[in-house]
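**Q** For reference, the structure I am asking about is given below.
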Amino acid sequence: QVQLVESGGGLVQAGGSLRLSCVASGRTVSGYRVGWFRQAPGKEREFVAAISVMGVSTYYADSVKGRFTISRDNAKNTVYLQMNSLKPEDTAVYFCAADSTDWTQTYRYWGQGTQVTVSS
């Protein structure tokens, strides 16, 4: 019903930056809260950031506060995650997700993920 496609991942050195994009198709994402999550091999999925429908409110995990910024462009059905000052511990597959009422856990739609690797 809603397809979410992440892009922008890659290999970056510690201290560098990447911008991830999450583009929705099949249905507009403009009416949904959107979140970013990440998962490293052998570890649990963890919440990274979320943004409200109009982009007024944002919420970040403590581990990324001050380094990551979530934003959205509803006209383009796109949500972004700007990642600065990247650390090796940020290495993970990053997923975007849409449609939630709890901000940090349960979302209806999920993308396939994009790999982010931060080298030391």
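**Q** Just the Cα atoms of the chain: what Rg and Dmax do they give in Å?
**A** 13.1, 40
**Q** Computing the accessible area with a 1.4 Å probe over protein heavy atoms, can you report the carbon and sulfur percentage for the chain?
**A** Details: 2870 of 6080 Å².
Carbon and sulfur atoms account for 47 percent of the accessible area of the chain.
**Q** Let me ask another. Please compute the per residue accessible area over the chain with all protein chains in place, 1.4 Å probe, rounded to a whole number of Å².
**A** Details: 6080 Å² over 120 residues.
For the chain, the per-residue accessible area is 51 Å².
**Q** Moving to a separate point now. Taking LYS87 as the anchor, which lysines have their alpha carbon closer than 29 Å to its alpha carbon, excluding any fewer than eight residues away along the same chain?
**A** Straight-line reach from LYS87, under 29 Å: LYS43, LYS65.
**Q** A further question follows. Heavy-atom accessible area of LYS43 with all protein chains present, probe 1.4 Å, nearest 10 Å²?
**A** Rounded to the nearest 10, the figure is 130 Å².
The values are calculated or read from the model by the stated rules, or taken from the named source; none is laboratory data. These numbers come from a predicted model, not from an experiment. Accessible surface areas use protein heavy atoms only, side chains included; no ligands, DNA or RNA. Shrake-Rupley method; radii C 1.70, N 1.55, O 1.52, S 1.80 Å.
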